[in-house]
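Scroll down for the structure; my scribbles are underneath it.
Computed from the coordinates by the stated procedures, all read-outs in this text should not be read as laboratory data. What you are looking at is a predicted structure, and each value in this text was computed from that prediction instead of being measured. For neighbour counting, all protein chains shown are included, and Cβ atoms are generated from backbone atoms with ideal geometry for every residue, glycine included.
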Amino acid sequence: MQCPRQRAAWLLGLIATAAGLGCTSTQRAGSGERQTAVTEVCFNVRNVDTFSPLGERSVYLRTLGGERYLLTLDGVYTSLPFATGITISNDFSTVCSDTGATITFMNFGHPVFCRIVRVESVSSKRAAEQLAQQRRNGHR
């Protein structure tokens with residue numbers, strides 16, 4: 001029988017391994033769609049330059065270094081396309097998929113909190129818009 005300390009160490013190792021895999025996985029479109037590789041990645045909150053909402057569940061983000069990301073949120077937020085004052089909060093400076101980071105924006109003077117569930121590198125804002133549109137239309 002394992003002692004609680006061994007179980008905790010094993011569980012922590014499993015979580016660390018899963019978190020690392022989540023930031024490096026590659027997903028491809030299904031067989032009738034244009035093949036576009038999408039890689040889940042991480043970024044540093046301190047390097048964020050601009051945000052652009054892309055519908056009710058996605059946000060395009062550009063960093064000071066010129067990297068571009070598509071952020072997918074945990075739900076549909078009908079007020080997101082009209083958002084102001086967008087910020088990212090995280091316990092750590094690095095944000096990856098499912099790390100508990102949140103986006104906060106203002107909706108008629110009230111803060112709205114959304115959890116970031118996926119962070120993906122994209123080549124351009126146009127590519128991010130196309131990917132967000134595909135997902136709205138039911139494609140992963």
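Here is how the numbers come out for the structure above:
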| item | result |
| --- | --- |
| All positions within the stretch 100-140 that are hydrophobic (A, V, I, L, M, F, W, C) and in contact with a Lys or Arg (Cβ under 7 Å, 6 or more places away or on another chain) | Val122, Ala128 |
| Hits in the stretch 69-115 - residues which are in a strand (DSSP E or B) and of a type in the set (Phe, Trp, Tyr) | Tyr69, Phe105, Phe113 |
| Selection count where residues are surrounded by fewer than 19 Cβ atoms within 10 Å (Cβ to Cβ) and either out of contact with any Ser or Thr (no Cβ under 7 Å at 6 or more places or on another chain) or hydrophobic (A, V, I, L, M, F, W, C) (or both), scope the stretch 106-123 | 8 |
| Selection from the stretch 57-93 of residues that are of a type outside the set (A, V, I, L, M) and in contact (Cβ under 8 Å) with a residue 60 or more places away in the chain | Arg57, Ser58, Tyr60, Arg62, Arg68, Thr72 |
